[in-house]
Amino acid sequence: MTTISASKPHSGDLMGQIIYAVRSMGVSPIPRNYQLFYEAYIGSNPDLTRELAALGSRATQEDLDIISERYLGGPQAAVIEKANDRLLGELDALLKLLRQEQNSLESYGKLLSETASRINTKSSFSTDIIRSAISLLHQATDDKMVQGEKTVDDMVQRSNEMDQVRRELDEYKRIANTDSLTRLSNRRAFDERLASSFDNQTALPLTALVLADIDNFKKINDNFGHPVGDKILATVASVLRANVRKDVFVARTGGEEFAIIVEGNTPDEVMVICERVRRALETRTFRNSRSGVNYGPVTISLGYSMAVQAADPGELYAQSDAALYYAKNSGRNRSVFFEDSMKSHYISKNWLIYKK
């Protein structure tokens, strides 16, 4: 039966112990399980450690998820990010140990060279003394090299395992940041991306936030049902993605609302992008291939603002939202660039204002 020690393990051995325990218990090597075993090994909660150890080799994923929900609050994105940081810290510690071993071998090589040089210059040394010294150095060198090779092999193996964990965590985070229906980035990913847009102040004059909303989407759901509405959302998402550059960030921020963050373009160039997307949807046929029912036309309204016009992400979102509302209020199926005159008329009426 696999046991779990609640004593604090050495940093260099921690991931090796966790990986060994996961394999010994036949547990799936997924990120939330690594997080659970990590907490058990560092002894953050004695009850968690005892319950996990009590499962032995009988552990099922359901059992592990129950314990995770009880003590860690479930596999939330914040927990996964915290696990990712810890695991990367352990990897850094392992690589640091490897570098120390390499430095040690280099220092030992210098010692051998210096010793050989001294022996060559000391003619008073007897043959027996020289032979004894060479024998001792030879044995010590063999021991050191064997130890060094073993350390290198161990580090390579652990680094490979850590790389696998890193890939699993990256994939889990990608899933956590993806809208399941449209496969675009979700609201959480959008919030992070919008906030980071203000990290590079020199890029703000050519950075724009475009907000888009499907026109009269409620009527589509009411007339044809939500399954049809979901298919139209997925199609609109694919049209948005297909009509912008690959490096442009596109997200579904909720319901029938989408956001596009464009970098490296002037306001006029952003308008060209918006119009290309709008016309692509306006001219697309939304028809059921089996029944022949036409769900269209499907159109969108777009509003955008340049980041340089705003003091922070919240104001940028509010301005783009004001431009979007102006597009809706002036007839829909159009693209509108934010102007200061819209601020008092729309933002002051308490329309949706993004706050980080």
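What single numbered condition from (1) modelled with pLDDT under 65; (2) among the small types (Gly, Ala, Ser); (3) surrounded by fewer than 16 Cβ atoms within 10 Å (Cβ to Cβ); (4) more than 30 Å from residue 188 (Cβ to Cβ) fails to hold for residue 74?
It is condition (4) that residue 74 fails.
Let me confirm something: among 301, 305, which residue is surrounded by 15 or more Cβ atoms within 10 Å (Cβ to Cβ), assigned to a strand (DSSP E or B) and out of contact with any Phe, Trp or Tyr (no Cβ under 6 Å at 6 or more places or on another chain)?
None of the others qualify; the one that does is 301.
Under 6 Å by Cβ, and 6 or more places apart or on different chains, what pairs join a residue from region 308-324 that is in contact (Cβ under 8 Å) with a residue 12 or more places away in the chain with one that is outside any loop (DSSP other than H, G, I, E, B) and among the β-branched types (Val, Ile, Thr)?
Cβ pairs passing all conditions: 318/347; 322/347; 323/336.
What pairs can you find where one residue is in region 45-56 and free of Cβ contacts under 8 Å to residues at least 12 places away in the same chain and closer than 13 Å to residue 25 by Cβ, the other is part of a loop (DSSP other than H, G, I, E, B) and polar (S, T, N, Q), and their Cβ atoms are less than 9 Å apart, with a gap of 6+ or different chains?
If the second residue must be part of a loop (DSSP other than H, G, I, E, B) and polar (S, T, N, Q), no pairs are left.
One line per residue, one yes/no per condition, for (1) modelled with pLDDT of 70 or more; (2) among the polar types (S, T, N, Q):
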{"position": "11", "(1), (2)": "no, yes"}
{"position": "17", "(1), (2)": "yes, yes"}
{"position": "20", "(1), (2)": "yes, no"}
{"position": "26", "(1), (2)": "yes, no"}
{"position": "33", "(1), (2)": "yes, yes"}
{"position": "45", "(1), (2)": "yes, yes"}
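Considering each residue of region 166-186, count those that are modelled with pLDDT of 75 or more and out of contact with any Phe, Trp or Tyr (no Cβ under 8 Å at 6 or more places or on another chain), and give that number.
Adding up the residues that qualify gives 10.
The values are calculated or read from the model by the stated rules, or taken from the named source; none is laboratory data. Everything quoted here is computed from the prediction, not taken from an experiment. Using ideal geometry, Cβ is built from the backbone for each residue, glycine included, and neighbour counts are taken over all protein chains shown.
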